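Before any comments, here is the structure.
The values are calculated or read from the model by the stated rules, or taken from the named source; none is laboratory data. The shown structure was predicted, so the numbers you read here are calculated from the model rather than taken from an experiment. Virtual Cβ from ideal backbone geometry, glycine too; neighbours counted across all protein chains shown.
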Amino acid sequence: MRREFLGEVRCLVFDVTPQDKAGKGRFLGRIWVEDQDYNVVRFNGAYGGSGHSSWYFHFDSWRTNVQPGQWMPSFVYSEERDLHYALAKKLDFKAQTRLWGYNLGHGSQEQELSKILVETPVQDDSKTANDLSPIQAQRSWDRQAEDNVIDRLERIGLVAPRGEVDKVLETVVNNLEVTNNIDVEPDVRCRVMMTSTLESYTVGHTIVLSRGLIDVLPDEASLATMIAHELSHVVLGHRLDSSYAFFDQLLIDDKETFRHFGFARTPDEERAANTKAMQLLNNSPYKNQLGNAGLFLTALSTREKEIPNLISPHLGDRVPVIGDLRSSMPVEQKQNPQMITALPIGGRVKLDPWSDKLDLIKSKPVGTVAEREKMPFEVTPFMPYLMRYGAETSKPIAASAAVSTDPKSGQSAPGKP
């Protein structure tokens with residue numbers, strides 16, 4: 001049909017139809033083929049031949065160049081309107097599918113086998129106390145349980161490797177600790193769970209937020225609210241089951257993970273954490289921006305009946321309901337037409353499917369946003385900026401679930417050369 005750029009990758013575009021009498025389940029639509037090795041990098045359409053016993057949905061599937069010569073499926077968007085099935089029932093839906101973990105487990109093993117450690121000169125510490133007190137021993141035991149759990153979740157691809165997003169979360173933790181004169185031992189760490197469900201939990205002194213929760217939070221004050229709630233569990237001494245320090249507790253099948261682990265807190269612990277979180281926030285740099293967090297919580301409670309699976313946690317707790325915040329919304333923010341109470345799924349974090357590395361999306365401002373474009377907690381199409389492996393990485397390389405909009409025309413403008 002024509003040549004077209006998807007990001008920096010020049011492609012040949014073909015419209016394809018199945019041959020006559022080819023049977024059901026044959027692809028009908030458009031494919032994009034990169035012009036060097038002729039790999040299919042995108043296909044958009046549907047399979048034909050739906051019937052009473054099977055249905056094929058429309059989809060837009062993208063592949064990314066994760067290694068030299070390897071274009072792997074990474075993002076799939078699907079959408080249906082008024083799909084008739086099962087005796088005239090109708091179905092409307094939108095869906096995102098993300099694939100990751102292609103190099104799962106190998107990255108850390110390669111680093112362990114290739115990393116050279118230089119031992120420091122031996123020092124005589126015989127004159128100093130090296131034994132641990134009972135309190136120090138208990139802290140060390142709890143930390144071992146914490147490390148065991150996080151390492152296990154990372155090795156099966158549920159927790160992302162440490163990266164840029166963790167540092168952002170830990171900066172917020174530091175802001176809360178410094179302004180509240182909190183000194184926690186051992187130190188508080190942050191990690192990101194890879195799933196889209198809106199949830200958070202603590203594993204000992206490690207705060208875990210899901211990628212989906214970070215995606216939809218509209219600003220730093222809202223993020224600080226989620227972190228303050230989990231930090232409160234740490235400050236209040238709500239502990240992890242220390243039996244995870246015994247390594248046999250981690251020797252389970254990957255598919256049993258959600259049944260084996262559980263970090264949800266009791267209602268009493270949740271109420272105590274909510275109260276403590278408000279104290280932390282009122283003494284923090286975010287105290288004058290808490291109305292934004294209140295708007296977010298109100299928007300979530302308004303939509304919760306429509307998105308029950310999105311807010312149902314796998315391992316931790318649902319987004320905390322902090323009543324004091326929901327009642328503190330400034331009037332001027334309610335009346336601001338440009339105020340965004342929550343972002344769509346995929347609005348903050350981008351994912352490298354090969355290494356599982358997470359980064360924050362760095363997109364251009366979109367200008368004026370119409371009410372219908374705010375889409376809180378919603379699913380939007382993928383428009384990745386494709387690049388070849390090894391190309392300059394200063395530009396965005398992974399998918400943003402938020403549509404890039406040309407402020408002049410109001411039309412989406414992905415993939416411009």
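Summary table
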| item | result |
| --- | --- |
| Single match in 202, 225 (criterion: under 14 Å from residue 315 (Cα atoms), outside any loop (DSSP other than H, G, I, E, B) and among the polar types (S, T, N, Q)) | 202 |
| Hits in the range 150-172 - residues which are within 16 Å of residue 260 (Cβ to Cβ) and not basic (Lys, Arg) | 150, 151, 153, 154, 156, 157, 158, 159 |
| Residue 13 being under 12 Å from residue 63 (Cβ atoms) and surrounded by 14 or more Cβ atoms within 10 Å (Cβ to Cβ) | no |
| Whichever residue in the range 182-195 is part of a loop (DSSP other than H, G, I, E, B) and crowded, with 20+ Cβ neighbours inside 10 Å and, among such residues, is nearest to the chain's Cα centre (by Cα) | 194 |
| All positions within the range 14-53 that are among the aliphatic types (A, V, I, L, M) and out of contact with any strand residue (DSSP E or B) (no Cβ under 9 Å at 6 or more places or on another chain) | 22 |
| Test for residue 321: is it part of a loop (DSSP other than H, G, I, E, B), at pLDDT 70 or above and surrounded by fewer than 16 Cβ atoms within 10 Å (Cβ to Cβ) | yes |
| Residue in the range 287-303 that is charged (D, E, K, R) and without any contact (Cβ under 8 Å) to a residue 40 or more places away in the chain present | yes |
| Checklist (1) outside any loop (DSSP other than H, G, I, E, B); (2) touching a His at 6+ places or on another chain (Cβ under 8 Å) applied to residue 265, failing item | (1) |
| Those residues of the range 148-159 which are surrounded by 16 or more Cβ atoms within 10 Å (Cβ to Cβ) and among the acidic types (Asp, Glu), in sequence order | 154 |
| Yes/no for residue 62 being in contact (Cβ under 8 Å) with a residue 24 or more places away in the chain, in a loop (DSSP other than H, G, I, E, B), surrounded by 15 or more Cβ atoms within 10 Å (Cβ to Cβ) and out of contact with any Cys (no Cβ under 7 Å at 6 or more places or on another chain) | no |
| In the range 29-45, the residues that are hydrophobic (A, V, I, L, M, F, W, C) and either surrounded by 15 or more Cβ atoms within 10 Å (Cβ to Cβ) or outside any strand (DSSP E or B) (or both) | 31, 32, 33, 41, 43 |
| Of all residues in the range 244-274 being farther than 26 Å from residue 152 by Cα and free of Cβ contacts under 8 Å to residues at least 24 places away in the same chain, the one that is surrounded by the fewest Cβ atoms within 10 Å (Cβ to Cβ) | 267 |
| The range 338-364 - residue that is modelled with pLDDT under 90 and β-branched (Val, Ile, Thr) and, of those, nearest to residue 214 (Cα to Cα) | 361 |
| Residue in the range 274-289 that is assigned to a helix (DSSP H, G or I), touching a His at 6+ places or on another chain (Cβ under 7 Å) and in the same structural domain as residue 232 (by TED's automatic domain parsing) present | yes |
| Subset of the range 349-372 [touching a helix residue (DSSP H, G or I) at 6+ places or on another chain (Cβ under 9 Å), charged (D, E, K, R) and in a loop (DSSP other than H, G, I, E, B)] | 356, 357 |
| Residue 21 exposed (fewer than 11 other Cβ atoms within 10 Å of the Cβ) and not acidic (Asp, Glu) | yes |
| Of residues in the range 154-180 being free of Cβ contacts under 8 Å to residues at least 40 places away in the same chain and not acidic (Asp, Glu), the one farthest from residue 254 (Cα to Cα) | 178 |
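Conditions (1) outside the structural domain of residue 295 (by TED's automatic domain parsing); (2) crowded, with 21+ Cβ neighbours inside 10 Å; (3) not aromatic (Phe, Trp, Tyr), marked per residue:
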residue: 141; (1), (2), (3): no, no, no
residue: 161; (1), (2), (3): no, no, yes
residue: 165; (1), (2), (3): no, yes, yes
residue: 177; (1), (2), (3): no, no, yes
residue: 208; (1), (2), (3): no, yes, yes
residue: 221; (1), (2), (3): no, yes, yes
residue: 229; (1), (2), (3): no, yes, yes
residue: 237; (1), (2), (3): no, no, yes
